[in-house]
Structure formats: structure tokens, C-alpha cells
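Okay, so here's the structure we're looking at.
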Amino acid sequence: MEPLTRVNATSQLDLQVVTLLESLDERRKDNTYDISKALTQHGASDGSAASGDDMLELNVGGSQSCVRRKHLTSIEGTVLAALFSGRWDGRLIRDADNRIFIDMESEAFEKVRNTLFEGGKAAVDLLITEIANRNYRGL
């Protein structure tokens, strides 16, 4: 048996690390992620059937309103755009009259909706900044 030296210890450790990394690399290659399968498993549908001109009937905190899908999805990458893309229509909570139920203050949603109507992304960015400032000041 060889005496334990710094060189021997680091060589053994290096060999163990390299072996683990090679094993992880093999597992990564075998583990392909099928996004379509994952979305289907979670109840997503093909959003291509949804049209921007679809009129969505909403129940927001007890207040009813209608809005075109294109207004809620106008800013890509937002939660609203993802939620109302059409992909999740089958998973959205609905009230007794089949309106999409959104559990939030109707006045807050109205402010967001009107901001989308009026100014698009720049107006939404301003609204987010205002909200952050209000939250920071505790208003």
C-alpha cells in the first residue's frame, strides 16, 4: 500500500470527482425533457385554437366584466399572457355562470386592464413601479 501523500490524496479525490461528473453527464444525456408531455400532464391544451378576438367573460372578485383575449395577452412573458393564452382555458376556475373566476380585488384588476388598454408595455412597467413604491412605503 502506498503511503498517503498530498499528491495521492488529491489524485484519488480527482478520480472520484471525474467519475461522478461522467456519471451525471451520462444521466443528463439519457434524461430528455419532453415539454409537450409535461404540459399535457398538467392539463394544458393546444392554445392555437384560441383567438385574440375571443371575448372572455370574467368574474373578478365578484364583479363581472368582458374583455378580449388579445388585451390580456398583449404583453408577452407576463402572467396574464400565459394564463389567458388559451393553453390553460380548461384549467381555469369558473363560477356558476361559466365566467373565469379571478380571486383579486376588482378595482386592482380594473386598473391593470385599463393600463393595458391605454398604454401597453410602457404603461404596465410604470404601474409595476408605482406598485413597488407603494409596497415599499407601506401604503
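Where a number appears in this text, it was derived from the coordinates with a stated rule and is not lab data. Everything numeric in this text was worked out from a predicted model, so none of it was measured. Here the Cβ is made from the backbone with ideal geometry for all residues, glycine too, and neighbour counts use every protein chain on show.
Can you find, within the stretch 66-105, the residue that is nearest to Ala123 (Cα to Cα) among those that are over 20 Å from the mean Cα position of the chain (by Cα) and surrounded by 17 or more Cβ atoms within 10 Å (Cβ to Cβ)?
My answer is Val67.
Could you check the stretch 3-14 and list, in sequence order, the residues that are in a helix (DSSP H, G or I) and exposed (fewer than 10 other Cβ atoms within 10 Å of the Cβ)?
Of everything in the stretch 3-14, those that are in a helix (DSSP H, G or I) and exposed (fewer than 10 other Cβ atoms within 10 Å of the Cβ) turn out to be Arg6, Val7.
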